[in-house]
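The values are calculated or read from the model by the stated rules, or taken from the named source; none is laboratory data. As the structure is a computational prediction, the values presented were derived from the model and not from experiment. Positions of Cβ are generated from backbone atoms using ideal geometry, with glycine treated the same way; all protein chains shown enter the neighbour counts.
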Amino acid sequence: MREYLYYPGCSLKGIGGPYEQSLLSAFSKLGVKLTEIADWNCCGATAYMSVDANMAIALAARNLAIAERSDGQDIIAPCSGCYLSLTKAKAMLEQYPELRAKVVGALGQASLRYTGRSNVRHPLEVLMTDIGAKELKKLVTKPLKNLKVVPYYGCAILRPYEAVSDPHAPTVLEEMISLAGATPLDYPYKGRCCGGMLTSGVQTVGLRLAEILLEAAKSAQADVIVTTCPLCHYNLECYQDKLRKSTGKEFGVPVMYFTQMLGLAMGLSEEEVGMNRLLRKPAIAGVTA
Amino acid sequence: MDKTPRRIIGLIRAGFKDEVLSSISPWICTSCYSCTVECPAKIKITDIMFVVKRMAMQEKSYRRFVIPDIEEEFVRMVRKNGRLTESKMGIKVARKSGIGNLLSMVPLAWKLMRHDRLKLFHTERMVNIDELRTVLEAMETGPRVTLPAKPPVVPTGHHQEVTA
């Protein structure tokens, strides 16, 4: 049985709840065991990095050190922000020996050991590489026929660490949409910023970025946008009402997680993948509107 | 954005430190790293923006507005609980960007609560917060390690090794 460590991060325990639910259901259906990292802490996101880099790296490194207590399993970080923070911390600890010495010393004060042997991975890449499109396709019992899907990657799983897919022309999400029986749409904004934290901080900028993405999805006549990140999901799903008020444009585009899409295609029920927790459900055969 | 990224880089090269550190532009950067992977000269623009933000924060020369306030609040919350509580952070952010904004978020918050994605009186926290505090306090002793810009390298053991 395949086993991985699971780093949920703050969002999957809150607004990104449907992501956690569908991820756990889909992996369990695949017979893959996920063990949550014991007493994990915040990854630091981009906020801590903007205030203090030394502390931000130490914060992320504590999670990596705890993961090292296990039997060498890779860490799955579904939130793109967490994925990037943990990957970046690991990369910087390799690049800066002086910083590494300091962080290793600080972790040692709390009896934690860091060697850098844990790998950080995104579930999209794990599914498509370790399990593979061929195996996944065999498990698709309810192909999502005629569903037109916008593949939306967002930023952090593509850049700057190019481990998930080509940062300029990614294809892995399209491959997953196809194997689920749906149709991936050509979407030129698939790697563009969703607005990030600006949707709550500086809305004139943040909401405009989300608006560009939604407008393009609507004109492509998408049935649904599929995302890989809880912040992208929130920005695209939750600000549609606000955008209607400020721009007069009605989008009405549902947004779901790729794990929900895969789960449904593998025959999991609507409840098991948390479809009822979306603010707007996509029109999929067998899914109640 | 009061200065374009190109202008920020130009000002840094020409030594206009005060102008750079008091600019709001680096705080508008969402760190999506588009510039970093596009730049033909491989300038690490996103990381430079991070450096500017940190210097401005440490020297207290940043202009007060909502984004640096959010970042500081984030750090405070993580140091206190080890994790972030989205609902509490959301309320603080909305309050900082005006009472009108706070009120405009109420219908969305209500919807998210009904969809079991937001709990108003719940605080997300670690069990052993003392362990994290020990680590962070140990990081605060001794000099800060400076991090000169280096090209990003995919860490070893990553599934696909790609050298930048």
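Take the residues in segment A:61-101 that are assigned to a helix (DSSP H, G or I) and touching a Lys or Arg at 6+ places or on another chain (Cβ under 7 Å); name whichever of them is surrounded by the most Cβ atoms within 10 Å (Cβ to Cβ).
A:64
In segment A:185-196, is there at least one residue being touching a residue at least 60 places away in the same chain (Cβ under 8 Å) and either more than 29 Å from residue B:40 (Cα to Cα) or in contact with a Phe, Trp or Tyr (Cβ under 9 Å, 6 or more places away or on another chain) (or both)?
No, segment A:185-196 contains no residue that is touching a residue at least 60 places away in the same chain (Cβ under 8 Å) and either more than 29 Å from residue B:40 (Cα to Cα) or in contact with a Phe, Trp or Tyr (Cβ under 9 Å, 6 or more places away or on another chain) (or both).
Are there any pairs with C-beta distances below 8 angstrom linking a residue in segment A:247-274 that is under 20 Å from residue A:80 (Cα atoms) and buried (at least 24 other Cβ atoms within 10 Å of the Cβ) to a residue that is of a type in the set (Lys, Arg) and modelled with pLDDT of 95 or more, with the two at least 6 apart or on different chains, and if so which?
Pairs that qualify, where the first residue is under 20 Å from residue A:80 (Cα atoms) and buried (at least 24 other Cβ atoms within 10 Å of the Cβ) and the partner is of a type in the set (Lys, Arg) and modelled with pLDDT of 95 or more, are A:255/A:280; A:263/A:29.
Only residues that are more than 7 Å from chain A (Cβ to nearest Cβ), in a helix (DSSP H, G or I) and over 25 Å from residue A:159 (Cβ atoms): list them for segment B:46-86, please.
Within segment B:46-86, B:58, B:69, B:73, B:76, B:77, B:79, B:80, B:81 meet the criteria.
Name the one entry in B:25, B:61 that is of a type in the set (S, T, N, Q), surrounded by fewer than 19 Cβ atoms within 10 Å (Cβ to Cβ) and modelled with pLDDT of 95 or more.
B:25
Residue B:78 is checked against (1) closer than 25 Å to residue A:60 by Cα; (2) surrounded by fewer than 21 Cβ atoms within 10 Å (Cβ to Cβ); (3) at pLDDT 95 or above and fails just one. What number does that condition carry?
Of everything listed in (1) closer than 25 Å to residue A:60 by Cα; (2) surrounded by fewer than 21 Cβ atoms within 10 Å (Cβ to Cβ); (3) at pLDDT 95 or above, residue B:78 misses just condition (2).
Against the definition (more than 10 Å from chain A (Cβ to nearest Cβ), of a type in the set (S, T, N, Q) and either out of contact with any Pro (no Cβ under 6 Å at 6 or more places or on another chain) or assigned to a loop (DSSP other than H, G, I, E, B) (or both)), how does residue B:23 come out, yes or no?
It is true that residue B:23 is more than 10 Å from chain A (Cβ to nearest Cβ), of a type in the set (S, T, N, Q) and either out of contact with any Pro (no Cβ under 6 Å at 6 or more places or on another chain) or assigned to a loop (DSSP other than H, G, I, E, B) (or both).
Among the candidates B:114, B:95, single out the residue that is over 24 Å from residue A:44 (Cα atoms) and charged (D, E, K, R).
B:114
What are the residues in segment A:6-18 that are within 14 Å of chain B (Cβ to nearest Cβ) and either surrounded by fewer than 24 Cβ atoms within 10 Å (Cβ to Cβ) or on the phi < 0 side of the Ramachandran plot (or both), if any?
A:7, A:8, A:10, A:11, A:12, A:13, A:14, A:15, A:16, A:17, A:18
Exactly one of these conditions fails for residue B:31: (1) among the small types (Gly, Ala, Ser); (2) in contact with a Lys or Arg (Cβ under 9 Å, 6 or more places away or on another chain); (3) more than 20 Å from residue B:18 (Cα to Cα); (4) not assigned by TED's automatic domain parsing to the domain that holds residue B:126. Give me its number.
Among (1) among the small types (Gly, Ala, Ser); (2) in contact with a Lys or Arg (Cβ under 9 Å, 6 or more places away or on another chain); (3) more than 20 Å from residue B:18 (Cα to Cα); (4) not assigned by TED's automatic domain parsing to the domain that holds residue B:126, the lone unmet condition for residue B:31 is (2).
Please enumerate the residues belonging to segment B:106-130 that are at the interface with chain A (Cβ under 9 Å from one of its Cβ atoms) and assigned to a helix (DSSP H, G or I).
Matches in segment B:106-130: B:107, B:108, B:111, B:112, B:129, B:130.
With the condition kept exactly as written, say whether any residue in segment A:181-192 is within 12 Å of chain B (Cβ to nearest Cβ), outside any helix (DSSP H, G or I) and of a type in the set (Ser, Thr, Tyr).
Yes, some residue in segment A:181-192 is within 12 Å of chain B (Cβ to nearest Cβ), outside any helix (DSSP H, G or I) and of a type in the set (Ser, Thr, Tyr).
Here are some conditions: (1) outside any helix (DSSP H, G or I); (2) touching a Leu at 6+ places or on another chain (Cβ under 7 Å). Residue A:271 meets all but one. Which one does it not meet?
Residue A:271 satisfies all of (1) outside any helix (DSSP H, G or I); (2) touching a Leu at 6+ places or on another chain (Cβ under 7 Å) except (2).
Could you check segment B:34-45 and list, in sequence order, the residues that are touching a helix residue (DSSP H, G or I) at 6+ places or on another chain (Cβ under 8 Å) and at the interface with another protein chain (Cβ under 7 Å from one of its Cβ atoms)?
Keep residues of segment B:34-45 that are touching a helix residue (DSSP H, G or I) at 6+ places or on another chain (Cβ under 8 Å), which gives B:35-36, B:39, B:43-45.
Matches in segment B:34-45: B:36 only.
Can you find, within segment A:123-181, the residue that is surrounded by the fewest Cβ atoms within 10 Å (Cβ to Cβ) among those that are over 14 Å from the mean Cα position of the chain (by Cα) and of a type in the set (Val, Ile, Thr)?
This residue is A:141.
Taking into account only those residues within segment A:154-175 that are out of contact with any Asp or Glu (no Cβ under 8 Å at 6 or more places or on another chain) and of a type in the set (Ser, Thr, Tyr), which is farthest from the other protein chains (Cβ to nearest Cβ)?
So the residue we want is A:171.
Checking the conditions here, which among B:63, B:79 is in contact (Cβ under 8 Å) with a residue 12 or more places away in the chain and closer than 20 Å to residue A:44 by Cβ? Working first, answer last.
Values: B:63 fails: closer than 20 Å to residue A:44 by Cβ.
Result: B:79 is the single residue among B:63, B:79 that is in contact (Cβ under 8 Å) with a residue 12 or more places away in the chain and closer than 20 Å to residue A:44 by Cβ.
Working only within segment A:20-60, note down all residues that are farther than 17 Å from residue B:70 by Cβ and in a loop (DSSP other than H, G, I, E, B).
Result: A:30, A:31, A:32, A:37, A:38, A:39, A:40, A:41.
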